[in-house]
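Everything on this sheet refers to the single structure shown next.
The values are calculated or read from the model by the stated rules, or taken from the named source; none is laboratory data. Quick caveat: nothing in here was measured; it's all calculated off a predicted structure. Note that each Cβ is placed from the backbone with ideal geometry, even for glycine, and that neighbours are counted across all protein chains shown.
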Amino acid sequence: MAATAARISPSLRAQAPQTTPDDIQIDIRNVGKVYGTKASDDPVVALDGVSLRIRRGEFISLLGPSGCGKSTLLGIIAGFQAASSGQILQDGRPIARPDASRTVVFQDYALFGWMTVQQNIEFGLKAKGMAKAERAEIARALIATVHLTGFEDKYPHQMSGGMKQRAAIARALAPDPDILLMDEPFGALDAQTRVLLQEEIARISSEAGKTVIFVTHGIDEAVFLADRVVVMSPRPGRVREEVLVPLPRPRTAEMRSDPWFVSTVNDLWETLKPEWQKGE
Amino acid sequence: MPECMNEPSAGDAKEDVLMEARADAGALAAAPAQRKSAAKPLPLARLLANGSVRAGLGLAAFFAFWQAVSGLGIVDGFLLPSPLAVAQALWDLALDGSLWIHLGASLQRVAVGFLLACIAGLALGLVCGWWRTVSDFVRPVVEALRPIPPLAWIPITILWFGLGDAASYFLVFLGAVFPAFVATYTAVRGLDRNQMNAALCLGAKPWQLFWDVLIPASLPIILPGLRIALGVGWMCVVTAELIAAQTGLGYLIQQSRMLFQINNVVAGMVTIGLVGFAMSAILERIERRVNAWAPSERN
C-alpha cells in the first residue's frame with residue numbers, strides 16, 4: 001500500500017533529491033526507434049513515443065524485461081545511434097554523436113584488452129590532450145576510488161569480472177562526464193559481486209554527484225540505486241510507469257530490508273510478471 | 001550514522017579485491033611450479049615435455065628415415081640423394097658462395113614483394129573493413145582475382161615485366177596480397193562494436209581511434225594473416241625464379257636439374273624449407289609478444 005502511495009505522487013516528486021524540479025539536464029521528447037526499414041523486413045518498433053525529463057544529479061533506473069528498448073534508449077542518449085523520430089536534448093541542445101560529457105559503462109566491460117588498467121582509465125584523459133603526469137595522477141585517484149590499487153599494471157584478461165567492471169567504471173568517470181550511462185553493468189557478474197558493486201556505485205555516484213542512467217532488469221537493483229525508477233514495457237518499447245524512491249542517501253545495505261523497499265520490489269514484481277512472461 | 005553503516009561494506013569490497021588479488025597471484029605462481037614438480041621424477045620425461053626437444057626429435061627421425069631409405073639402397077641414390085649427400089652439396093655450395101648469392105637474391109625479392117603486398121593488403125583491408133560501401137564494390141573483384149594461382153600469372157607477368165626482379169616482385173606480391181587483405185578485412189569487420197563505442201564516448205580523436213583501438217584490436221588476426229602471406233610469398237618467389245629469373249634458389253634448382261645435379265636440386269629444396277620454417281618461427285615469436293594480451297594466445 002505504501003508503495004502505491006509513493007508512485008508518482010506530487011508530494012514526493014517535490015522532495016526529489018538535490019535538484020530543483022526545473023533543472024532539466026536531459027529532455028527525451030517523444031522518441032521512437034524502428035528497426036528494419038527496408039521494404040522486405042518486418043519493421044520492429046523498439047521504442048514508441050518515449051518522453052522523459054531527467055534532472056541534473058538524478059539517478060534514474062530504466063527497468064524492464066528484455067526487448068523493452070531500454071538499452072536502445074540508452075544507446076540513443078549516448079549518441080551511438082539516432083532516433084527514428086523525436087529528439088533528445090542535453091542542456092537544451094540536441095544529442096547528435098557520442099561525447100565525453102556522457103560516458104558509458106557496458107555489460108561486457110568493453111575494456112581495451114591491449115591496455116593495462118591504468119592505460120584504460122587514462123584513455124579519455126589522453127583524448128582531452130592532458131599531460132602525462134596529470135593523467136597518471138587522476139587515474140591513480142580513480143583506481144583508489146574503485147578499490148583497484150595495486151592492479152594498475154594488470155591487463156583485463158588477468159582480472160575477474162568484478163574487477164574488470166570496477167576498471168570500466170573508473171574509465172568512464174575519468175573524463176569527468178556530466179552523465180554516466182550504465183547498460184546492465186552488473187548483468188554478467190555473480191550475485192555476491194553484484195551486490196558489492198551496487199553498494200559501490202551507490203557510494204560513488206552520490207560522492208561524484210553525477211547524473212546516472214542505469215539500465216537493468218533487476219527490480220531490487222533498480223529500486224536500491226535510483227531516485228526514480230522508470231519502468232518500461234515491451235513491444236513496442238514504452239514508458240509504463242514511474243516510481244519515486246524516497247530512501248535517503250547514501251544508500252546502504254540495511255535499506256534492502258526496509259519495509260518500503262521490500263513492498264515496492266514485491267509490488268513491482270507482481271505488476272511486471274505478465275510483461276516478463278511476454279518478454280520470455 | 002549512514003556513513004558508519006557504509007564502513008563494513010566498503011571494507012568487504014576491499015577484502016574482496018584483495019582476496020581476488022591473492023588468488024590471482026597464487027594461481028600465477030602455482031602454474032609453473034606444478035608443471036615442474038609433476039615432471040621431476042624422470043629427467044627424460046621432463047626433456048620430452050620441452051617443445052623444442054620434441055621438434056628436434058621429430059626432425060631427426062625424419063632425416064634418419066630418409067637416410068635409411070636412400071642409404072640402404074631401397075630407393076636409387078640418383079632419384080633420392082641421401083641427407084648426407086645433400087649436406088655435402090649444401091656445404092660445397094656454401095663454400096663457393098653460390099648458395100649465398102641465390103639465397104640473398106630470393107630473400108631480397110620476397111622482402112620487396114611482401115612489403116608491397118602488406119602496404120596494399122593492409123590499406124585495402126582497412127578501407128573495406130571500415131566502409132561497408134567500399135567493400136561492396138571491391139570484394140567481388142578481390143574474390144574473383146584471388147583463386148587465380150600465381151603460376152597462371154607467369155606468362156603475362158613475363159610479358160609485362162620481362163625476365164628480372166620486377167617479375168618476381170609482382171608474383172610475390174600477387175601471392176601475398178590476398179592473405180594480407182583477407183586477414184585485415186576480417187579483423188576490422190570483426191571489431192567489437194562496444195569497444196569502438198566506448199572509445200567514441202570517451203571522446204577519442206580519430207588518430208586515437210586508429211592507433212590505440214583499431215590497430216591493436218586487429219593485430220591478433222592481422223599478424224597470423226601476414227605470416228601466411230609471407231609463406232605464400234616465399235613459395236611464389238621460388239616459382240617465379242624457376243621460370244623468370246637468372247638468380248635465386250628457384251633458378252638454382254632449375255639449373256641444377258638441367259645439369260643433372262640432383263644433389264644440388266634437393267639442397268635448394270632443403271634451403272627453401274629451412275628458410276621458410278625460420279621465417280614462420282620468427283614471425284610467430286613476434287606475434288606472441290605483440291598479442292600477449294589476447295587470452296586465446298595465452299592458452
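Please list, ordered by first then second residue, the pairs with beta carbon atoms under 6 Å, 6 or more apart or interchain, first in the stretch A:95-112 and facing chain B (nearest Cβ under 7 Å), second aromatic (Phe, Trp, Tyr) and outside any strand (DSSP E or B).
none
Have a look at A:GLU199, A:GLU221 and point out the one that is more than 11 Å from every other protein chain (Cβ to nearest Cβ), in contact with a Lys or Arg (Cβ under 8 Å, 6 or more places away or on another chain) and either small (Gly, Ala, Ser) or in contact (Cβ under 8 Å) with a residue 40 or more places away in the chain (or both).
Step by step, each of A:GLU199, A:GLU221 is checked, and only A:GLU221 is more than 11 Å from every other protein chain (Cβ to nearest Cβ), in contact with a Lys or Arg (Cβ under 8 Å, 6 or more places away or on another chain) and either small (Gly, Ala, Ser) or in contact (Cβ under 8 Å) with a residue 40 or more places away in the chain (or both).
Among the candidates A:THR216, A:THR211, A:THR264, A:THR271, single out the residue that is surrounded by fewer than 18 Cβ atoms within 10 Å (Cβ to Cβ) and of a type in the set (Val, Ile, Thr).
Going through A:THR216, A:THR211, A:THR264, A:THR271 in turn, the sole match is A:THR271.
Output the residue which, of all residues in the stretch A:77-89 that are under 16 Å from the mean Cα position of the chain (by Cα) and under 19 Å from A:LYS210 (Cα atoms), is nearest to the other protein chains (Cβ to nearest Cβ).
The residue in question is A:ALA78.
Taking the stated definitions as given, is B:CYS236 without any contact (Cβ under 8 Å) to a residue 12 or more places away in the chain, in contact with a helix residue (DSSP H, G or I) (Cβ under 9 Å, 6 or more places away or on another chain) and not polar (S, T, N, Q)?
No; evaluated as a whole, the condition is false for this residue.
Residues in the stretch B:95-102: is at least one at pLDDT 80 or above, within 34 Å of the chain's Cα centre (by Cα), surrounded by 13 or more Cβ atoms within 10 Å (Cβ to Cβ) and acidic (Asp, Glu)?
no
Could you count how many residues in the stretch A:226-280 are part of a helix (DSSP H, G or I), closer than 14 Å to A:GLN198 by Cβ and within 14 Å of chain B (Cβ to nearest Cβ)?
Residues of the stretch A:226-280 part of a helix (DSSP H, G or I): A:253-257, A:259-279.
If we keep only those that are closer than 14 Å to A:GLN198 by Cβ as well, we get A:253-256, A:261, A:265.
Filter again for within 14 Å of chain B (Cβ to nearest Cβ), leaving A:253-256.
Count: 4.
Condition check: under 22 Å from the mean Cα position of the chain (by Cα), modelled with pLDDT under 95 and within 11 Å of chain B (Cβ to nearest Cβ). Does A:MET163 satisfy that? Even if it seems obvious, please write down each step before you answer.
Details: under 22 Å from the mean Cα position of the chain (by Cα): yes; modelled with pLDDT under 95: yes; within 11 Å of chain B (Cβ to nearest Cβ): yes.
So A:MET163 passes the test.
Conditions: (1) away from chain B (no Cβ under 11 Å); (2) closer than 22 Å to B:ALA217 by Cα; (3) not polar (S, T, N, Q). A:LYS126 meets all but one. Number of the miss?
Every listed condition holds for A:LYS126 apart from (1).
Which ranges mark the helices (runs of 4 or more DSSP H) fully within the stretch B:163-259 that have 1 or more residues being within 11 Å of another protein chain (Cβ to nearest Cβ) and over 25 Å from the mean Cα position of the chain (by Cα)?
Details: elements: B:165-189, B:193-201, B:215-244, B:249-258.
Once the helices (runs of 4 or more DSSP H) in the stretch B:163-259 are filtered for at least 1 residues that are within 11 Å of another protein chain (Cβ to nearest Cβ) and over 25 Å from the mean Cα position of the chain (by Cα), what remains is B:193-201.
Can you say whether B:VAL266 is part of a helix (DSSP H, G or I), buried (at least 18 other Cβ atoms within 10 Å of the Cβ) and within 13 Å of chain A (Cβ to nearest Cβ), as far as the supplied structure shows?
So B:VAL266 does not fit the description; no.
May I ask you to say which residue of B:ALA187, B:ALA244 is over 27 Å from A:PHE123 (Cβ atoms), buried (at least 20 other Cβ atoms within 10 Å of the Cβ) and in contact (Cβ under 8 Å) with a residue 24 or more places away in the chain? Reasoning before the result, please.
On the way: B:ALA187 fails: over 27 Å from A:PHE123 (Cβ atoms).
The conditions single out B:ALA244.
Which residues, counting only those in the stretch A:134-184, are surrounded by 22 or more Cβ atoms within 10 Å (Cβ to Cβ) and of a type in the set (S, T, N, Q)?
Passing the criteria: only A:GLN165.
Looking at (1) surrounded by fewer than 21 Cβ atoms within 10 Å (Cβ to Cβ); (2) modelled with pLDDT of 95 or more, find the lone condition where A:LYS128 falls short.
The one condition A:LYS128 does not meet is (2).
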